[in-house]
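Encoded as structure tokens, the structure appears first; notes follow it.
Every read-out reported here was derived from the displayed coordinates using simple, explicitly stated rules and does not represent laboratory data. Because the structure is predicted, anything quoted here is derived from the model rather than measured.
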Ligand SMILES: Nc1ncnc2c1ncn2[C@@H]1O[C@H](COP(=O)(O)OP(=O)(O)O)[C@@H](O)[C@H]1O
Ligand SMILES: [Mg+2]
């Protein structure tokens with residue numbers, strides 16, 4: 001069980017003449033009153049009583065007081081703390097009557113619980129570091145964040161190169177309908193040769209026709225002598241004529257043009273190949289960029305898991321990029337109640353033995369927010385002693401001119417309860 005304050009008695013400390021208080025065991029005890037009546041002096045006195053000389057006010061003795069300052073705090077672990085006499089000397093007595101000192105108090109008093117503003121006003125990084133120290137993952141998180149930053153920078157560079165390469169590829173000329181490989185002229189030359197060969201054959205056939213025409217002439221001349229030869233020649237002539245009918249010569253003009261075009265085509269082929277290469281290069285960089293993106297996502301995931309695996313003092317509380325984040329909000333975007341809840345839960349975890357926290361100037365919270373914060377404190381079994389410029393129902397005690405405004409018997413003392421208004 002963490003240590004709480006049972007009772008307080010303060011005399012002649014700063015603005016206080018005499019105040020006695022029995023704070024609620026858990027939840028919020030609000031010290032109300034107008035300005036400069038001694039509310040904060042109560043908290044200063046508690047901090048001095050429990051926190052030691054570093055919390056001693058610069059002029060602790062009330063001006064005009066006849067007696068010396070006197071402080072008495074009883075704690076629920078049976079320890080009584082007193083400061084009295086000219087030198088305000090400390091007396092710490094435990095439940096068995098043994099004397100102790102500041103060291104005994106230090107074992108269960110968390111200094112930041114006596115001075116929450118010190119935590120609340122710390123830099124964002126200091127706050128986050130405090131949390132990371134508590135949960136013991138600071139080094140590992142730092143390492144993951146370093147890696148993430150490195151990958152992020154790499155990705156930025158790669159992304160820029162990929163953009164440039166893509167732009168470069170787009171600006172290069174492109175020729176649609178051109179084959180991917182350079183054309184070889186040899187195939188066309190072979191085609192040409194085959195056509196020339198076929199045309200040669202045609203020539204031969206024409207010559208044959210001519211030959212038989214001659215023969216026919218001879219045969220005609222010899223008609224008389226050689227009727228059979230004539231017939232045969234006629235026959236041959238007929239056949240040769242048939243053979244020579246409908247012959248068409250193929251043109252090589254197109255091939256010749258194509259051969260002439262090869263150089264131009266190949267220039268385009270090379271241009272297309274260059275463009276393809278540039279596109280592939282750009283794609284390569286784009287892939288590397290995507291790869292780095294998934295590595296960054298993995299590192300962010302690892303970070304999240306690291307923090308999720310650690311025992312955080314408050315659900316929804318985390319550290320991102322070296323800053324506290326509560327329910328997705330950074331410190332400056334948290335509400336006043338959220339800031340108090342975050343601060344109180346971190347400070348509580350710093351020394352779980354310390355079951356209370358002192359809070360000054362709660363007038364910054366409206367009563368609904370105060371109610372919400374009070375509920376949270378009760379749920380956490382945390383005791384808070386707070387001051388507020390108010391004389392409302394939320395106040396457990398009203399201080400006026402260094403004293404309770406309307407001293408009431410202890411049993412009737414108003415104790416503010418969460419949800420009571
Ligand atoms: N040692 C002291 N003796 C008498 N008055 C003091 C002393 N120290 C501070 N004060 C006065 O106490 C007042 C502030 O008291 P404080 O407890 O802060 O009031 P509150 O929190 O109610 O506004 C100021 O007017 C200040 O001058
Ligand atoms: Mg004050």
The stretch 42-97: D in µm²/s via Stokes-Einstein (Kirkwood Rh, Cα pairs, 10 °C, 1.306 mPa s)? 134
Between the alpha-carbon centers of the stretch 260-305 and the stretch 319-384, tell me the distance in whole angstrom. 52
Which angle from 0 to 90°, rounded to the nearest 10, does the C-alpha axis of helix 124-135 make with the longest principal axis of the chain? 80
Taking the chain as the reference, fit the longest principal axis to its C-alpha atoms, fit the long axis of helix 367-379 to the helix C-alpha atoms, and give the angle between the two in degrees, 0 to 90, nearest 10. 90
Spherically averaged projected area of the stretch 147-288 from its Cα convex hull (nm²): 12.8
With the contact rule set at Cα under 8 Å and sequence spacing of 6 or more, what percent relative contact order holds for the stretch 147-288? 52
Fluctuation leader among 251, 123, 174 - the chain, Gaussian network, Cα springs under 10 angstrom: 251
Measure nothing but the geometry: give the 0 to 90° angle between the long axis through the Cα atoms of 253-309 and the longest principal axis through the Cα atoms of the chain, rounded to 10°. 20
Cα-Cα P(r), the stretch 293-347, percent of pairs per 10 Å interval: 23, 49, 22, 6
Identify which of 214, 51, 402 has the largest mean-square fluctuation in a Gaussian network model of the chain, with springs joining Cα atoms closer than 10 Å. 214
The chain - convex hull of the alpha-carbon atoms, volume per residue in Å³: 237
When only Cα pairs under 8 Å and 6 or more residues apart are kept, what is the percent relative contact order across the chain? 30
Taking springs between alpha-carbon atoms closer than 10 angstrom, which of 400, 254, 323 fluctuates most in the Gaussian network model of the chain? 254
Kirkwood Rh and Cα-based Rg: tell me the resulting Rg over Rh for the stretch 337-405, rounded to two decimals. 0.99
Kirkwood hydrodynamic radius, computed over distinct alpha-carbon pairs, for the stretch 160-199: how many Å, to one decimal? 13.8
Kindly provide the Kirkwood hydrodynamic radius of the stretch 113-207 in Å, to one decimal, from all pairs of distinct alpha carbon atoms. 21.8
Convex hull volume per residue for the stretch 1-107, taking Cα atoms only, in Å³: 106
